[in-house]
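Chemist: The structure's right below; bear with me while I get my questions together.
Every number in this text was worked out from the coordinates using simple rules, so none of it is lab data. Just so it is clear, the model here is predicted, and its values are computed rather than measured. Neighbour counts run over all protein chains shown; Cβ positions are idealised from the backbone, glycine included.
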Amino acid sequence: MHRSVTNPLPEGARRHRMHCAGILIGLLLPGFALANDGYFQNGYGVKTQGMAGAGIAFPQESLSIVGNPAAAAALGNSAEMDVELLRPFRAATIHGNSLAPDAEYSGNGLRRFAVPEMAVTYQLGPKWSTGLAMYGNGGMNTKYGVNPFGRFGGSRTAGVNLAQVLISPTIAYRITPNQSIGLSVNVLYETFSAYGLQTFGAFSQNPGALSDRNSDYGFGAGVRLGYLGRMTSWLQIGAMWQSKTKVGSFQRYSGLLEKGGNLDMPEYYGFGVDVTPVSSVDVAVDITRINYHDVAVVGDSFDSIFSGNRLGAPNGPGFGWKNCTAIKVGINWHATDRLQLRVGYNHAGATVANYETFPNILAPNTTEHQYSAGASWTISPKWEISAMGLYAPSVIIHGAPNIIPPSFGGGTVDLKSSVLAFGGGAEYHF
């Protein structure tokens with residue numbers, strides 16, 4: 001992963017320097033909070049999130065280039081900075097297990113998150129536009145003060161943390177006055193850590209690289225393509241596709257993650273429409289798909305661990321996540337020349353199946369319904385401020401009977417999670 005230099009630093013010093021740089025990026029950008037469409041954000045930018053993420057065909061803000069790179073051609077010269085405050089709730093219940101009484105475990109050791117994101121767009125000429133966005137994803141995040149695996153031999157606290165921080169330079173080209181295409185290069189910095197999993201050491205091909213190794217990091221790069229086109233005065237359409245992104249291996253966790261510690265970012269694509277029934281109202285609808293099941297570890301079933309397939313081995317046990325299809329509907333109303341109001345609803349299929357609840361104690365992402373609202377106020381021709389609120393109510397996934405194997409005392413696991421979020425931001429037009 002490291003380039004050779006004439007006078008190389010010791011390996012530990014180089015890793016420490018790069019890791020510190022990654023921590024600095026992580027402090028500036030999102031990624032360490034429970035997201036909503038699996039571990040992706042439901043949308044990017046406070047206006048888009050106020051419409052539950054609907055925005056592929058309805059670019060409103062600089063950060064719209066994350067949802068559709070072609071949006072850069074429609075946004076002019078602007079810069080945006082947002083901050084979102086999230087309060088996730090995560091819990092797991094183990095019952096019917098012969099080793100200990102029924103118990104519920106709270107994974108909310110990390111309770112609150114401040115998540116900033118930012119972007120700028122600039123029109124180079126009549127045909128070309130450019131932009132730069134900084135943002136992130138995260139959601140495989142838990143911290144159990146009481147280790148749920150303690151009854152099986154685990155100790156201390158337990159949990160995992162996956163964070164993805166991205167910087168995306170973007171270029172867009174206007175094909176015709178009403179159609180544009182765009183390209184973003186996604187430069188990805190990813191961190192991962194796991195702790196409290198000692199009980200699974202006997203099931204790992206490398207028990208010394210399984211748990212409690214602090215944070216490891218990796219880098220990757222991918223692309224995102226977009227199209228935006230106005231068909232009629234009342235209809236605009238958009239589409240986007242993001243490649244699967246290969247990430248450098250987390251060698252500290254090669255006894256947990258297969259292929260030497262591999263944890264890639266999945267393929268993601270979607271289609272959207274924006275309908276304007278009257279001049280002051282836009283109705284945006286997006287359909288998106290995230291292919292979690294095609295990513296090693298995230299998509300691999302955990303069941304194979306009990307048939308002799310070891311953690312960290314090729315096609316080894318994982319979280320068994322399903323692909324996530326989300327339908328997002330948002331309404332934006334220009335109530336006055338200065339005030340816009342918006343609401344949204346997002347239905348994202350659960351990524352966790354009822355026969356995979358045992359490993360997903362570590363990542364109990366069960367939310368399916370998200371409700372949001374937001375508003376924007378134009379202070380001056382150059383400045384606009386916006387706010388949003390989002391609530392994803394608690395959903396319980398009841399584990400299949402005897403999902404815990406007999407060697408662990410049998411029984412089952414139920415999972416639940418919910419999210420409450422508020423955000424605000426400002427945009428400057430220049």
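Chemist: What order do you get for R342, R112, R310 when you list them from fewest to most C-beta neighbours inside 10 Å?
Modeler: R112, R310, R342
Chemist: While we're on this one: On a 0 to 90° scale, report how tilted helix 11-28 is relative to the longest principal axis of the chain, with both axes built from alpha carbons and the result rounded to the nearest 10.
Modeler: Between helix and principal axis, roughly 50 degrees.
Chemist: Bin all alpha-carbon pair distances of region 207-261 at 5 Å intervals from 0 and give each bin's fraction as a whole percent.
Modeler: Each 5 Å bin holds this share of Cα pairs: 5, 16, 15, 11, 10, 9, 7, 8, 6, 6, 4, 2, 0.
Chemist: Post the alpha-carbon centroid distance, region 97-120 to region 38-93, in whole angstrom.
Modeler: First find each Cα centre; the distance between them is then 23 Å.
Chemist: Moving on. Using Cα positions and a limit of under 21 Å, work out the lysines in reach of K322, with same-chain residues fewer than 8 apart set aside.
Modeler: Output for K322: K244, K246, K259, K416.
Chemist: Over its Cα atoms, what ratio of radius of gyration to 2.2 N^0.38 Å does region 271-413 give?
Modeler: This ratio for region 271-413 stands at 1.47.
Chemist: Which of Y189, Y227 comes first, and how do the rest follow, when ranked by fewest Cβ neighbours within 10 Å?
Modeler: With the sparsest Cβ surroundings first, the list reads Y227, Y189.
Chemist: Here's a follow-up. Rounded to the nearest 500, what is the chain's calculated 222 nm mean residue ellipticity when only DSSP H runs of at least 4 contribute -39500 (n - 2.57) each, over all residues?
Modeler: Numbers: 5 runs with 35 residues, N = 430.
Calculated from helices alone, the mean residue ellipticity at 222 nm is -2000 deg cm²/dmol.
Chemist: While we're here: Taking the C-alpha atoms of region 58-169, how large are the radius of gyration and the largest Cα-Cα span, Dmax, in Å?
Modeler: 21.3, 70
Chemist: Still on this structure, I have one more. May I ask you to sort E104, E427 by Cβ crowding, counting other Cβ atoms within 10 Å and putting the fewest first? Walk me through the numbers before you get to the answer.
Modeler: On the way: E104 13, E427 25.
Ascending Cβ contact count within 10 Å gives the list E104, E427.
Chemist: Here's a follow-up. Rounded, prolate or oblate: which fits the chain when a ≥ b ≥ c are the square roots of the eigenvalues of the alpha-carbon gyration tensor, with rounded for a/c under 1.5 and prolate only if a/b beats b/c? Can you show the working numbers first?
Modeler: Numbers: a/c = 2.16, a/b = 1.58, b/c = 1.37.
Because a/c hits 1.5 or more and a/b exceeds b/c, the chain counts as prolate.
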